[in-house]
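Notes to accompany the following structure.
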Amino acid sequence: MLTCSRYFYSVTHFLSPPITTTTTTAVNHLFSRPKPLLLSPPRSYSHSHTMNQDNNKTNTHHQLHSSIEFLTQKPYSPPLWATGLGPVPSHTVSLGHLPTPIHRWNLPNLPRNTEVYLKRDDLSGMQLSGNKVRKLEFLMADALAQGADCVVTVGGIQSNHCRATAVAAKYLNLDCYLILRTSKVLADQDPGLTGNLLVERLVGAHVQLISKEEYGQIGSVALANALKEKLIKEGRKPYVIPVGGSNSLGTWGYIEAVREIEQQVEASGGRLKFDDIVVACGSGGTVAGLSLGSQLGALKAKVHAYAVCDDPDYFYDFVQGLTDGLNAGVNSRDIADVLNAKGLGYAMNTSEELKFVKEIAAATGVVLDPVYSGKAAYRMMEDMAENPAKWEGRKVLFIHTGGLLGLYDKVDQLGSLVGNWSRMDVNESVPRKDGIGKMF
């Protein structure tokens, strides 16, 4: 492991034999030719043993300092290359377990000499896991600065953002009001305790349901403002957080994430330089921050954003609005490549997509969520199979944005894919000793 003064870098290298043919044209066939995955030999490092000892001590100090600062508010200083943006946030609240690790992703059947790495933002916490945490560090600091006693936000019935917001609010002694979009049939019923809903309801969030039809007619902004006005009349001090935490302030979360990636690349001793960054796109703030940071900073990686709702034109316009709000002076179409990964629609999956999620987990141990990273990875691998020359020889960083709890909403569809169980057959020759074990 290499260390630096602030961030640690951990990369587990998995190597599979290079692919010499690219006849595969469909994601369904990606796993048809299993190959052995070999742990690469250890690399030799140029750092002296003494230097590594000193760096380890420094890194341990910073990790301990970071853990002590958890849930505290602190002044914010942007990366040097982002000082021209404005307005610059004055403070953040420490909510995430950062930095999140980067490691080699042993995906089968990649194009020749292509390497894919994972940035594990799904490991940014437990109840707060995922990319939303980074945005909330800035948004919650603003809520506290404005003297709010509660927050209001909007999302789908299994919104990862809403779950993270509900937990962050309670951590900071704020009430949370959630407007959750669901079907017309279910809008008048108890929403249940599946996935993200369980966490939201356990932490005491005030859940209000709205049908997709009403949501489409009124819109998220008007709905949130209506609830805000109602709370103000009741004597509350609400702070509204937009869908996904995606406004110009929330964008700073992934501007800051780019600085974190830069530190990790630097700590690798020059062995890593990413050509591409791949990420799911659901509300636009993550893509805006990554694209802008990569453009302004040292990464200079091409950002590919796979849209899981709406369409690319919508997100180009939305990201443009976010960067304009930071006075960035960039064209969104120049800094991001937005592609369609919506499929059947937001939070809806084909059997092929769910099969892909299951097979990726079985092949690599990495569990993708079905709404965001699952769809983005599915389309990325589909594109690599259909257009291998586009990806050959490139180093790709895939941002895992979390969302594990969303899988619980798909258990009925996943059931037929995970039938690998059986009753244990214990032969009569196995000795019996009654009453042994803590169950008795």
Of the residues in region 212-245, those that are in contact with a Ser or Thr (Cβ under 8 Å, 6 or more places away or on another chain) and outside any strand (DSSP E or B) number 7
Picking from Ser159, Ser183, the residue that is modelled with pLDDT under 95 and among the polar types (S, T, N, Q) would be Ser183
Residue hits (region 304-341; out of contact with any helix residue (DSSP H, G or I) (no Cβ under 8 Å at 6 or more places or on another chain) and assigned to a strand (DSSP E or B)) are Asp337
Filtering strands (runs of 3 or more DSSP E) wholly in region 56-169 for at least 2 residues that are without any contact (Cβ under 8 Å) to a residue 24 or more places away in the chain gives 73-75
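Residue-wise test of (1) without any contact (Cβ under 8 Å) to a residue 24 or more places away in the chain; (2) exposed (fewer than 12 other Cβ atoms within 10 Å of the Cβ); (3) not aromatic (Phe, Trp, Tyr).
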{"position": "Met348", "(1), (2), (3)": "yes, no, yes"}
{"position": "Lys355", "(1), (2), (3)": "no, no, yes"}
{"position": "Ile360", "(1), (2), (3)": "no, no, yes"}
{"position": "Val367", "(1), (2), (3)": "no, no, yes"}
{"position": "Glu386", "(1), (2), (3)": "no, no, yes"}
{"position": "Lys395", "(1), (2), (3)": "no, no, yes"}
{"position": "Trp421", "(1), (2), (3)": "yes, yes, no"}
{"position": "Val430", "(1), (2), (3)": "yes, yes, yes"}
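Residue-by-condition table, conditions (1) farther than 23 Å from Asp317 by Cα; (2) surrounded by 21 or more Cβ atoms within 10 Å (Cβ to Cβ):
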site	(1), (2)
Tyr239	yes, yes
Gly244	no, yes
Leu249	no, yes
Glu256	no, yes
Glu266	yes, no
Asp275	yes, no
Gly282	no, yes
Gly289	no, yes
Gln295	no, no
When every residue in region 138-160 that is of a type in the set (A, V, I, L, M) and over 21 Å from the mean Cα position of the chain (by Cα) is compared, the one nearest to Gly289 (Cα to Cα) is Ala143
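Consider Lys170 carefully, then state whether it is out of contact with any Cys (no Cβ under 9 Å at 6 or more places or on another chain) and among the basic types (Lys, Arg). Before you say what the answer is, go through the steps one by one.
Working: out of contact with any Cys (no Cβ under 9 Å at 6 or more places or on another chain): no; among the basic types (Lys, Arg): yes.
Against the criterion (out of contact with any Cys (no Cβ under 9 Å at 6 or more places or on another chain) and among the basic types (Lys, Arg)), Lys170 does not qualify.
The values are calculated or read from the model by the stated rules, or taken from the named source; none is laboratory data. Remember, it's a predicted structure, so these values are computed and weren't measured experimentally. Here Cβ is always computed from backbone atoms with ideal geometry, including for glycine, and neighbour counts include all displayed protein chains.
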